[in-house]
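Here's the structure, in structure tokens; my notes come after.
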């Protein structure tokens, strides 16, 4: 099945907005087995919009459109589809009622121009949009499908997942496609690929690795004739992945490293305090994004340099002897964080750029340490990267150390 | 002049990459007065690429392409332009030398396949790319122009600004277009628009306001027949903007609020310490992004709740009486930050969600305070927003308070 994506809106052509809808849909379509050969952005202009639709109608089986479903004169997606198919838009009393109810729930009365959002053509049915005013259109004619959705990403994604995808699965051959992303830290992409090589060779479920900003992701995608069967296939392969690289896995799908740590803290009831040098407070700001366990994160200390470290209870002589960037000082920082913040766990991280002996190469170093009720463990890493990227890696290193340490407890 | 933008790469059609090049170029072209009617993403496929180029060649005066200039068999932009114009690609010895020199500087020898990047067709001249291996192509034929650039954003932007824009200015009518963005805090977009209404009515220079994540931006754009004339026009209008809303302005163009504060600290030599509640350390992590003055930011303290605040030297009785979210406690936090970190300035911020008396509405509150050598000032704000967005606003409120306080010193 050939598909294409059309994003509508003059703001896209002026560069005032980055089109994130198209890549989201492209990824979803490719998982569905639809070949996407073209993505285009078109302005709020009826002639050019109709032209783009005509071209799509000739070369593709499926056109997915976002944007242009608003209530104003600039919103022309419905009009363009009507023109393409030579069908007239007719106001649907049921949809008008839904729209009025939407406004009533918000203590507002519906402006009359919004009636335009409650229209359909004979080949279209409405796709519900409970979180916005614009219903989508599902158009089916001559074996081709057009899906038109609002441009607001949160409305579009909900409509795509809840309203459009189930129907598309049928059109694309009655298959159900399910994915799960298993997220890891402490293993490189090529190593993960190597260890999972027998699984990545399988055509269904497919297993693919991706190097992302929060570690290597392993994506498992299964295609089956029922949701239960697809689910079972994904779960089976996930078990195999866990059997091979399980100790690197911190979460699944939307779960972040901070979420995983929050979960571990909640389960164990252990309180946490942090101390950072060189990361600009990114460790504590990342930890506070956790969806649970936030009440167990008591606080954080951010030091710019040696003087502040000693104010935070790190022995000045030790800093002078070993340097701020050292395993020894990182371990002392973890213990001092515990003491300052009166917590069960102290987590410390220090990072910075260093030069090699010859002064020729600059690289980043990370020292992280965790003090769990007096028991201290630490890790040191070295990266060829920029300082901004080093901070991200330092935060991940520290969180991964903490996760492994609390898991092992 | 009609232009269109073509982004090349199969990874765009799979949704593995968000196309940020197209909006960047769209904005730049619109400033140049070029009308962009179409943006498209096409995969690494010669037939479809040639088709897209043919369509562009028929309907536009200018086609700007990014991507597909690499050395591999998948990189087909040069081949597609050759096919479009029926001209053969010829290896250029001079460009081969440049490429070899690029590899030599990196202690590597050039793989033979890279020779393909050193080709031209008769209608093309090369656009230099000192930071990558792919030179661009400037193609001019039958009154139309094609600009082909690498897809790597940093290489593309440099090439666009340094190599392509000067030539395009001539093609687009000999005009020079210059912009400057003046950035403000503490003033809403509608108020800024209202106060600048006489300037925003002018057709050249144009003055436009934008609500951005770091405050309201005022963009001044002048069009003139020389760079000097355009510069003079921009500077003149900037002076008028400063005359009207000058005390809200913290920076220009790429300067961030943190940069402005770093600059003020450097000039005054004052050291800074922070204490935060509810912001998850975002104040300190934002401050450490400043391009200067970082050595004067001694450290930061992040408290989760009342218990940690008292450990940081904030009087427990005062917290118990007034609550963590209060002007009184914010002022005590600023003073305690100074005392704990032994700095001249203490900056404090506390934010959180609260309910009104009837428990019907939830809103965000921000309390910020600055203690400059014992002299304390504070600010309180209330926002109808989400908690994530409240944190961003809290950090801006605190930084703006600090900026104004140090400026007035």
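The values are calculated or read from the model by the stated rules, or taken from the named source; none is laboratory data. Just so we're clear, the structure is a prediction, and the values are computed from it rather than from any experiment. Cβ sites come from the backbone with ideal geometry, for glycine too, and all protein chains shown count toward neighbours.
Residues that are within 9 Å of chain A (Cβ to nearest Cβ) and without any contact (Cβ under 8 Å) to a residue 60 or more places away in the chain number at least 1 in the following helices (runs of 4 or more DSSP H) confined to the stretch B:266-342: B:282-287, B:306-311. If you go through the stretch B:152-166 and keep only what is touching a residue at least 24 places away in the same chain (Cβ under 8 Å) and farther than 26 Å from residue B:223 by Cα, you end up with B:153, B:155. Is there a residue in the stretch B:59-79 that is at positive phi and under 33 Å from the mean Cα position of the chain (by Cα)? Among the residues of the stretch B:59-79, at least one is at positive phi and under 33 Å from the mean Cα position of the chain (by Cα), which makes the answer yes. Go through the stretch B:381-409 and give me each residue that's more than 24 Å from the chain's Cα centre (by Cα) and free of Cβ contacts under 8 Å to residues at least 12 places away in the same chain. Answer for the stretch B:381-409, where residues must be more than 24 Å from the chain's Cα centre (by Cα) and free of Cβ contacts under 8 Å to residues at least 12 places away in the same chain: just B:408.
On the given criteria, is residue A:149 under 30 Å from residue A:90 (Cβ atoms), touching a strand residue (DSSP E or B) at 6+ places or on another chain (Cβ under 7 Å) and touching a residue at least 60 places away in the same chain (Cβ under 8 Å)? It is true that residue A:149 is under 30 Å from residue A:90 (Cβ atoms), touching a strand residue (DSSP E or B) at 6+ places or on another chain (Cβ under 7 Å) and touching a residue at least 60 places away in the same chain (Cβ under 8 Å). Here are B:211, B:260, B:172: which of them is within 30 Å of residue B:401 (Cβ to Cβ) and modelled with pLDDT under 85? It is B:211. Exactly one residue out of B:148, B:164, B:208, B:134 is in contact with a helix residue (DSSP H, G or I) (Cβ under 6 Å, 6 or more places away or on another chain) and not in a loop (DSSP other than H, G, I, E, B), and it is B:148.
Mind telling me which of the residues B:226, B:326, B:291, B:310 ends up being closer than 24 Å to residue B:214 by Cα and surrounded by fewer than 19 Cβ atoms within 10 Å (Cβ to Cβ)?
Criteria check complete, one pass: B:291.
Evaluating residue A:370 against the criteria (1) buried (at least 23 other Cβ atoms within 10 Å of the Cβ); (2) part of a strand (DSSP E or B); (3) within 14 Å of another protein chain (Cβ to nearest Cβ) leaves one unmet condition, (3). Of A:344, A:276, which residue is at pLDDT 95 or above and out of contact with any helix residue (DSSP H, G or I) (no Cβ under 6 Å at 6 or more places or on another chain)? A:344 is the lone residue from the list that is at pLDDT 95 or above and out of contact with any helix residue (DSSP H, G or I) (no Cβ under 6 Å at 6 or more places or on another chain).
If you go through the stretch B:117-131 and keep only what is assigned to a helix (DSSP H, G or I) and out of contact with any strand residue (DSSP E or B) (no Cβ under 8 Å at 6 or more places or on another chain), you end up with just B:117.
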